[in-house]
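Bear in mind that the values in this text are calculations on the coordinates, not laboratory data. Here the structure is a predicted model, which is why all the values come from computation and not from measurement. All Cβ positions, glycine included, derive from the backbone under ideal geometry; neighbour counts span all protein chains shown.
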Amino acid sequence: SLHHISDKFSALKEFLRVTTEKGLIIIFELTPEGVHVVRQRMPSHPEAINPDDFTKNLSVIKKVKKSKYLNAFIYKKE
């Protein structure tokens, strides 16, 4: 969950640096509905983010698997 990392862009660059050529980076992020459910037990839980906001200048291929409460953002080096 990238929303728990303070310097998201630097973290993504490091993920890409250490990932092998055929490796994948998979980031799970809550949907707005998922945040609502989590906040029932943890009111201070941070907002979900869209990892695409931090990958625009990175050479990656993206695929997204969506569900009601959680999305999986799958990135591969170009």
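Remarks
- Between the Cα long axis of helix 32-41 and the first principal axis of the chain there is an angle of about 50°, rounded to the nearest 10.
- Scaled to the globular estimate 2.2 N^0.38 Å, the Cα spread of the chain, given as radius of gyration, is 1.15.
- Taking a straight Cα-Cα cut-off under 14 Å and skipping sequence neighbours fewer than 8 places away in the same chain, the aspartates and glutamates within cross-link reach of residue 56 are 78.
- Among 1, 44, the ranking by other beta carbons within 10 Å of each residue's beta carbon, starting with the fewest, stands as 44, 1.
- Choice from 55, 31, 20 showing the highest fluctuation, given a GNM over the chain with Cα pairs closer than 10 Å: 20
- The chain, helix-only ellipticity at 222 nm - DSSP H runs n ≥ 4, -39,500 (n - 2.57), divided by all residues, nearest 500: -8000 deg cm²/dmol
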